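Colleague: Here it is: the structure, laid out below.
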Amino acid sequence: MPRILVAEDDPKQAGLIRMYLEREGHSLQIVGDGRSALDRCRAYRPDLAILDIMLPEVDGLDVCRILRAESEIPILLLTARTTTNDMLLGLDIGADDYMTKPYNPRELAARVRVLLRRGKAVPPSLISAGQLELDTARFEVRVAGEPVVLTAKEFDILRALASPPGHVLTRAQLIERAFGFDRFVEERTVDAHIMNIRRKIEVNPAEPVYVQTVYGRGYRLAVS
């Protein structure tokens, strides 16, 4: 079921969008201001965002600009502004489509279908191993749906192990992929980072399920 975030401060408009899109089989989250739109997009991770431009707190154009910097999520802008310059501005900052009010809700539903099909054509950036999810586009890690905060280097190490999961990487290979050819990085530094990663993502770091040690070789990310 595609997940759609709708940022619309007019309850009647939001209700109309909900009615038509839920008929299409979509799951909706509706918020009424731009700050909530950003928070919910980061937590809910929708397949598509519909943004009214005239939002309180943070306007829809700024929300669009920030979301586009963080991800490739399809974005549809809704606005009462009708000038060509307004439309071009929205598209220039990263919107995928633009509709002016008043609009036909059936046309909105049709455009949503098109954008969702385009989104499926984008190569996936989400790598999963059991309940562990690594989103390389958004630099996010989740375990059982809960966000995990990693340092940049910890994320680089986990991403190296996840490309692809199941492959064993030696400490030297992890240094090359996560640190570059930094001759000052020692193998025990990799071990320290692995220990910190396990503390954050494992239920029991002493018996890791995800980041496993392959004795005599290195580490791997378990496939399941």
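Here, each number is a calculation from the coordinates, and none is a lab measurement. Everything numeric here is computed off the predicted structure, so don't read it as measured data. Reconstructed Cβ throughout: ideal geometry from the backbone, glycine too, with neighbour counts over all protein chains shown.
Colleague: Please report the spacing between the Cα centers of the stretch 128-150 and the stretch 31-80 in Å, no decimals.
Modeller: Cα centroid to Cα centroid, the span is 21 Å.
Colleague: What list of ³J(HN,Hα) couplings, whole Hz, do you get for the stretch 95-101 from phi and the Karplus terms 6.51, -1.76, 1.60, once you set θ to phi - 60° and write x for glycine and proline?
Modeller: Per-residue couplings from phi come out as 5, 8, 7, 8, 10, 9, 8 Hz.
Colleague: What is the order of D92, D52, fewest Cβ neighbours within 10 Å to most? Intermediate results must be reported in sequence, preceding the final value.
Modeller: Numbers: D92 9, D52 25.
With the fewest neighbours first, D92, D52 line up as D92, D52.
Colleague: In nm, what is the difference between 0.36 nm times the number of residues separating T189 and R217 and their Cα-Cα distance?
Modeller: Roughly 8.5 nm would be gained on extension.
Colleague: Could I ask something else about it? Quick check: residue separation of Y103 and R23 times 0.36 nm, minus the Cα distance between them. What number comes out in nm?
Modeller: Computed gain between Y103 and R23 is 27.0 nm.
Colleague: Ranked by Cβ crowding within 10 angstrom, fewest neighbours first, how are R171, R106, R35 ordered?
Modeller: If I rank by nearby Cβ atoms, fewest first, I get R106, R35, R171.
Colleague: Here's a follow-up. Kindly express, to the nearest 10 degrees and within the range 0 to 90, the angle between helix 187-201's C-alpha long axis and the longest C-alpha principal axis of the chain.
Modeller: Orientation of helix 187-201: about 50 degrees from the principal axis.
Colleague: If R0 is 35 Å, what FRET efficiency do you get for D92 and K153 from their C-beta distance, rounded to 0.05? Don't jump to the answer; show the numbers that get you there.
Modeller: Numbers: r = 35 Å, r/R0 = 0.99.
Between D92 and K153 the formula returns 0.50.
Colleague: What is the spread of the Cα atoms of the stretch 29-118 along each of their three principal axes, largest first, in whole Å?
Modeller: Sorted from largest, the Cα extents of the stretch 29-118 read 30, 28, 22 Å.
Colleague: Please rank F179, F139, fewest neighbouring Cβ atoms within 10 Å first, as an exposure proxy.
Modeller: F139, F179
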